[in-house]
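Let me begin by presenting the structure, written as structure tokens, before commenting on it.
The values are calculated or read from the model by the stated rules, or taken from the named source; none is laboratory data. Source: prediction; values computed, not measured. Because the Cβ atoms are built from the backbone with ideal geometry, glycine has one as well, and the counts that use them run over all protein chains shown.
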Amino acid sequence: MRHHFHSHCHAPNDGRGEGFNRRSHFFRRDGEREGGRPRIFEQGDLRWVILALIAEKPAHGYEIIKAIEDRLGGSYAPSPGTVYPTLTLLEELGYIRVKETEGPRKLYEITAEGETALEQNRGIVDAILAKMAEINLRRGGRQAPQLVRAWQNVKMAMNLRVARGPLSEAQIEKIAQILDDAAKSIEHT
């Protein structure tokens with residue numbers, strides 16, 4: 001089940017039409033920018049990325065911007081005008097809180113509610129992070145065709161299995177364990 005943020009999270013319709021974002025880039029309905037560059041985040045994705053990063057370790061806003069840029073191979077960094085309001089929103093939703101303040105800088109940490117929201121939306125979060133990893137491989141100058149191929153194989157296997165029909169609770173647990181074990185192995189490589 002996809003968790004939806006409250007309706008006040010979404011940008012109001014300002015008459016500029018579907019697909020307009022604050023960076024003044026227009027997108028076609030297929031997710032491509034005018035000029036052919038793919039769209040990095042769909043609406044709402046950045047919230048999940050920020051929450052996942054804070055779940056990994058408490059962070060300041062500028063650290064989050066840098067972490068996203070690093071995970072995308074330097075091809076994109078969200079603006080402070082996007083990140084800081086999102087942090088405020090996540091705080092209002094009860095998903096994060098200020099752990100400590102140093103002058104104007106706030107160190108954010110995840111709350112129990114935030115951890116629950118991440119777990120309830122683990123598939124969505126993992127898909128967004130996987131998309132970022134794929135972009136990093138393609139755009140970050142670290143071309144590794146065998147990793148891209150292996151990653152595509154995992155995505156294809158998941159898509160084919162899901163297309164065959166509903167999964168039992170035991171199957172869900174087994175697949176989650178396989179993916180968690182693979183993630184741990186990759187982290188320690």
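Search the range 136-149 for residues being part of a helix (DSSP H, G or I), of a type outside the set (S, T, N, Q) and surrounded by fewer than 12 Cβ atoms within 10 Å (Cβ to Cβ), and hand back the single one that is modelled with the lowest pLDDT. For the range 136-149, the residue satisfying everything is Pro145.
Among the numbered conditions (1) in contact with a Ser or Thr (Cβ under 7 Å, 6 or more places away or on another chain); (2) of a type outside the set (Ser, Thr, Tyr); (3) under 15 Å from Leu46 (Cα atoms), the only one that Pro85 does not meet is (1). Tell me which residues, restricted to the range 83-105, are in contact with an Asp or Glu (Cβ under 8 Å, 6 or more places away or on another chain), closer than 18 Å to Lys57 by Cβ and either touching a residue at least 60 places away in the same chain (Cβ under 8 Å) or of a type outside the set (A, V, I, L, M, F, W, C) (or both). Once the filter is applied, which keeps residues that are in contact with an Asp or Glu (Cβ under 8 Å, 6 or more places away or on another chain), closer than 18 Å to Lys57 by Cβ and either touching a residue at least 60 places away in the same chain (Cβ under 8 Å) or of a type outside the set (A, V, I, L, M, F, W, C) (or both), the range 83-105 yields Tyr95, Arg97, Lys99.
Look through Ile65, Ile54 and report the one residue that is surrounded by 15 or more Cβ atoms within 10 Å (Cβ to Cβ) and at pLDDT 95 or above.
Ile54
Can you spot a residue in the range 112-127 that is more than 27 Å from Asp180 (Cα to Cα) and surrounded by 15 or more Cβ atoms within 10 Å (Cβ to Cβ)? No.
Restricted to the range 82-126, and to residues there that are in contact with a Lys or Arg (Cβ under 9 Å, 6 or more places away or on another chain) and small (Gly, Ala, Ser), the residue that is modelled with the highest pLDDT is Gly114.
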